[in-house]
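Got a structure here, written out as structure tokens. Questions coming.
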Amino acid sequence: MSGFTSLASLGWQPFFQQQLSLEEWDSVLPARVIEQHKSEIKVATAEEILTLALIHTMPELVVGDWILLSESADGEKHFSRLLERKTCFSRKAAGSKVQKQLISANVDTAFIVCSMNADFNLNRVERFLSLVNESDAEPVVVLSKSDQADSPEKFIQAVQRIDPLLMVEAVNCLDSVSISKLSPWVKKGRTIAVLGSSGVGKSTLTNTLLGEETQSTSGIREDDSKGRHTTTSRSLVSLAEGGLILDTPGMREIQLADCKDGIATTFADIEALAEECRFADCQHESEPGCAIQKAIESEGLDVRRLGNYKKLLREEALNSANLAERRANDKALGKFYKTTLAQATKLKGR
């Protein structure tokens, strides 16, 4: 039982409906990508779940995407086109690859899960926040393992110092009563992404929200409170409350790229202070008239936060430059192939 009984239950919104022409309403069928594999995807319509083979003429698709299907004379349904994404999560691909990796699309709210133990890390929360803010989804920080924390309030206060308006909830991911705090974001047709490092309780949270064990889970390493990877694939599933949830694989290495706006939103306080510095090119170190250093001296700004802001900006600039170079090289290579093919065709004609 998929739980998908209508387009609304799949997360269909006016944003997507407005992209269809009157002609398309009579000739195509909206479908949402609910599973992503190497050579195929599973999509759900209001009536059925289909498997589509991925071919080179298709754009890059990811779980959460809305696509349009056309039907041939023999009743077979085929990919027609990809609808514009309302939100999109991406990162620099892990390892040494110089390319962007799509994570998910059309997510309404992102639960950033962080455990209240020795692995608690505000720098990592800010990194995930930058990713979520760049996507235009709504961030909610979910502090897990509340049953093991002596003072959950201290962790909540630490996160809210990042942004007083940031929504933060402390929960025990194993307790359905505890996670009922998250019900305002888990409504019919609303799509939730669950982000966080390995072992923080993402799969446990997903299982409890679903009321069943769909994602395998594993414990943490006792010596450093860090987790093991448990989820290895992405899928979109319906919740009893009517929402949809996407559980992503654990991501210890999140390299930010093309994320300058997301970082600016996450560190809006520092960006505002920088506008007050005496010099436009202030490096916020020892320059006279630096508003940021003045805020640090008066304890209005945490030196840790400034350090992480600079670190993420350097990383984003480097990765974005590498991506831009890769795109330029790919464009030049494509032009070379096209020219070579044209010349070969011309010579063949002789």
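What follows draws every value from the coordinates through simple rules; no lab data is involved. Being a predicted model, the structure only gives us computed values, none of them experimental. Every residue, glycine among them, receives a Cβ derived from its backbone with ideal geometry; neighbour counts consider all protein chains shown.
When all C-alpha to C-alpha distances in segment 118-165 are sorted into bins of 5 Å, what percent of pairs does each bin hold, rounded to whole numbers?
In order of increasing distance, the bins hold 5, 18, 31, 24, 15, 6, 2 percent.
If you average the alpha carbon positions of segment 1-67 and of segment 286-304, how far apart do those two centres end up, in angstrom?
50 Å
Another one. What's the exposure ranking of PHE111, PHE267, PHE16, PHE279, going from fewest to most Cβ atoms within 10 Å?
Working: PHE111 28, PHE267 25, PHE16 19, PHE279 10.
With the fewest neighbours first, PHE111, PHE267, PHE16, PHE279 line up as PHE279, PHE16, PHE267, PHE111.
Let me see the P(r) profile for segment 8-82: every Cα-Cα distance counted, bins of 10 Å, each bin given as a percent of all pairs.
It works out to 18, 56, 25, 1, in whole percents.
Still on this structure, I have one more. With no solvent and one point per C-alpha, what does the Debye sum give as log10 I(q)/I(0) for segment 260-327 at q = 0.17 Å⁻¹?
-0.64
Would you mind ranking THR45, THR208 by Cβ crowding within 10 Å, fewest neighbours first?
THR45, THR208
With 10 angstrom as the radius, rank LEU83, LEU165 by how many other C-beta atoms surround their C-beta, starting from the fewest.
Working: LEU83 19, LEU165 5.
Arranged by neighbour count, lowest to highest, LEU83, LEU165 become LEU165, LEU83.
If a/c stays under 1.5 just call it rounded; otherwise compare a/b with b/c (prolate if a/b is bigger, oblate if not). Do that for segment 145-185, with a ≥ b ≥ c from the square roots of the Cα gyration tensor eigenvalues.
Cα axes put segment 145-185 in the oblate bin.
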